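To start, the structure under review is shown below, and the notes come after it.
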Amino acid sequence: MISIIMQKTKQPLELPLLEDVGWAVIDYLKNGRPKTISDCVFIRHKAPYEGFADHNCLSRMVARRMHKAEIDMKGQKHGLHSLRSTLARVMLENGAPLPVISEVLGHQNIQTTSIYLKIDIEGLRNCIIDPEDLFHE
């Protein structure tokens, strides 16, 4: 399990941690993390070796990596917010129910979750009802 305190609501959130992700974190802590007295798990890899100052720092880092990977984000939000949107969309595409997606995103109101979910055209096509089917018993 990974336990965090959500930034906006200050509420605790516990999520399952996949085994391979857990091993990757252990490997990072043992072999990749610079020596520091910081109690943050993930820290800057340039001096000063401390936790990230704020979420804008992480957002800029994600945006730089997306640009370097040539991911076209023109007209779309990018950075940390895009990761939340992508998580919600992938969960929806894999059949996760809306209340589960809402809980993972830490939303207290399920309506808030709908902001993160864009219309899935292919999913809508699967919902089309043949009018002839309406009249058959």
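Here is how the numbers come out for the structure above:
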{"item": "Cα gyration tensor shape of region 29-80, rounded if a/c is under 1.5, else prolate or oblate by comparing a/b with b/c", "result": "prolate"}
{"item": "Karplus-derived 3J(HN,Hα), 6.51/-1.76/1.60, for each residue of region 13-27, Hz, glycine and proline x", "result": "9, 10, 10, x, 10, 4, 4, 5, 5, x, 5, 5, 5, 4, 4"}
{"item": "Shape of region 2-59, Cα gyration tensor, a/c cut at 1.5", "result": "oblate"}
{"item": "Amide H within-cut-off set for I2, under 5 Å, with H built and near neighbours excluded", "result": "L15, L17"}
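Taken together, the values in this text are just the output of simple stated rules run on the coordinates, not laboratory data. No experiment lies behind these values; they were computed from the predicted model shown.
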